[in-house]
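All remarks here apply to the structure that follows.
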Amino acid sequence: MIKLLQYRAALVTVMFGLFGGAISNFLVIEEYSWLYFGIASILGLTVNLLVSFLLKSKWSKGIKNNIKIVCLFLFTALVVNLYMHTKFFLERTFAYKDFNNEVTYYVKGTEYTSLAKAFKLANPQIESDADLIMEGFGSPLEKGKVWTEASIIESWLKLISSYALFIIFFVALISVLIEVLVSQYGKTTTKTIEILSEKSADSG
């Protein structure tokens with residue numbers, strides 16, 4: 001069991017390492033970056049182990065056809081979820097440029113507070129939420145005065161949920177493909193994974 005866990009953990013590590021951490025940093029919001037990384041790591045290993053367990057059975061023509069259908073579903077779900085997460089990211093975050101001209105992203109709400117509405121009414125030249133934060137409230141830490149707490153929480157939940165689904169679909173699809181390759185082309189696939197692991201370690 002320990003060897004199995006080590007093997008699966010290595011595969012997940014290689015998978016994330018090959019992309020230089022891009023998956024765990026995909027459209028990440030700075031104030032929740034620690035949570036994004038944790039979700040990616042935990043879900044990655046869990047889904048990988050689950051897929052391995054489910055596929056440990058005798059191969060037949062029916063199973064092969066079902067796996068093809070599952071892979072097609074996972075790929076379609078991955079693309080749709082990628083679109084939805086990107087949409088949520090664009091709609092429910094705002095970019096803030098600090099004094100060093102570094103841009104960071106923060107979660108915003110969808111409903112303005114009465115204070116923010118009054119400020120926007122008195123300053124019609126403000127067009128973006130970033131300008132509203134900068135000119136009216138000073139910093140992103142004051143965003144609770146701009147949007148209602150309920151709408152901020154709603155945005156946070158949508159972003160985290162869509163990101164978690166993205167990780168689940170991605171890891172599930174990769175895990176199924178790896179399991180199929182290892183089961184059907186064991187030696188060749190294992191050697192390829194070892195080479196990729198070495199390259200990942202060298203690049204790190």
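The values are calculated or read from the model by the stated rules, or taken from the named source; none is laboratory data. What you are looking at is a predicted structure, and each value in this text was computed from that prediction instead of being measured. The area values use the complete protein model at the heavy-atom level, side chains included, leaving out ligands, DNA and RNA. Shrake-Rupley method; radii C 1.70, N 1.55, O 1.52, S 1.80 Å.
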How many Å² of accessible area per residue for region 60-114, probe 1.4 Å?
67
Give me, ordered by chain and number, the residues 5 or more places off Thr113 or on other chains with an amide H under 5 Å from its own placed amide H.
Trp147, Thr148
